[in-house]
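The values are calculated or read from the model by the stated rules, or taken from the named source; none is laboratory data. If you're wondering where the values come from, they're calculated on a predicted model, not measured in any experiment. Here the Cβ positions follow ideal geometry from the backbone for every residue, glycine too, while neighbour counts run over all protein chains shown.
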Amino acid sequence: MYKVQEFRDYMLNTAGLAASTYNTYNSFLGRIDQAIGGLDEALARDGTDKVLEWSRTTSTPPFDVFPSHARSVLNKYIQFHIDAQSPDTQEVQEEMATDAQQASGLAFRLEKEMQAAVRKQLSNLEAGLVEDDEGRELAVSTGYIDIVARDKLGKLVVIELKAGMCPTGALEQALGYAQALSEERNEDVRVMLIASDFSDRLRAAAKRANGLQLLKYEFSLQFNELK
């Protein structure tokens, strides 16, 4: 979902947009919201960087026919989303927007580095595990899967990576990916959700989900003398 009334007020009263133009924006936002499976939820779960990356690569409506205009509308909604976090002063808004962009950008880079590292050692994650996505994120109807693999028995495995503590919504996200992939391939799919740690609530919820594993990663340091 997205904040229909709040965004309307923001665009008409703060940005000075004409009502007729806003109606066009709202039409685009409705289709963007449907395409991504909930715009506010995606921003909270994945951050602005990943949502913007999705907008540059997706071919779902309205990006298939009006990619530039759709991305422009999405950018305006993201700016509204950032401004709405702290409406007190312009200085606070700008500072929070910068912090949010830096934090989401850092998490995105860490997850990309994790993905590359995990791909190189899938067999260490589980014996017999091999890639089944041609070495890149796989697009399904519910989003982009970090890694799709097959286990030694030939069963599909969705591997979802989170840098740091596993965030709220990640379990739902991973299971949604698995369900979409299962429907597309007409195969059973299991899930590996990897993070540095998991909350007690998420651990408890995971016990109710069949075919789901929670795995913790750890970093180790290696030192090599320069010669």
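Please verify whether the stretch 146-169 includes one or more residues that are modelled with pLDDT of 85 or more and polar (S, T, N, Q). Looking through the stretch 146-169, none of the residues is modelled with pLDDT of 85 or more and polar (S, T, N, Q). For the stretch 18-29, the candidate set comprises residues that are assigned to a helix (DSSP H, G or I) and free of Cβ contacts under 8 Å to residues at least 12 places away in the same chain; within that set, the residue that is farthest from F63 (Cα to Cα) is A19. For the stretch 30-66, the set of residues classified as loosely packed, with under 15 Cβ neighbours inside 10 Å, closer than 18 Å to A139 by Cα, over 18 Å from the mean Cα position of the chain (by Cα) and touching a residue at least 12 places away in the same chain (Cβ under 8 Å) consists of P61 only. Among the residues of the stretch 147-161, just one is buried (at least 22 other Cβ atoms within 10 Å of the Cβ) and either in a helix (DSSP H, G or I) or out of contact with any Asp or Glu (no Cβ under 7 Å at 6 or more places or on another chain) (or both), namely V158. Contact map, the stretch 148-174: residues that are closer than 11 Å to M192 by Cα paired with residues that are acidic (D, E) and assigned to a strand (DSSP E or B), Cβ distance under 7 Å, separation 6+ or inter-chain. Pairs shown: A149/E131; A174/E160. Quick check: is even one residue across the stretch 106-116 free of Cβ contacts under 8 Å to residues at least 24 places away in the same chain, within 25 Å of Q34 (Cα to Cα) and out of contact with any Leu (no Cβ under 7 Å at 6 or more places or on another chain)? Checked against the condition, which is being free of Cβ contacts under 8 Å to residues at least 24 places away in the same chain, within 25 Å of Q34 (Cα to Cα) and out of contact with any Leu (no Cβ under 7 Å at 6 or more places or on another chain), the stretch 106-116 yields no hits at all.
With respect to (1) modelled with pLDDT under 80; (2) within 27 Å of A174 (Cα to Cα), the lone exception for S20 is condition (2). Kindly evaluate S182 against the criterion of being under 20 Å from the mean Cα position of the chain (by Cα) and within 18 Å of A116 (Cα to Cα). Spelling it out, it is not the case that S182 is under 20 Å from the mean Cα position of the chain (by Cα) and within 18 Å of A116 (Cα to Cα).
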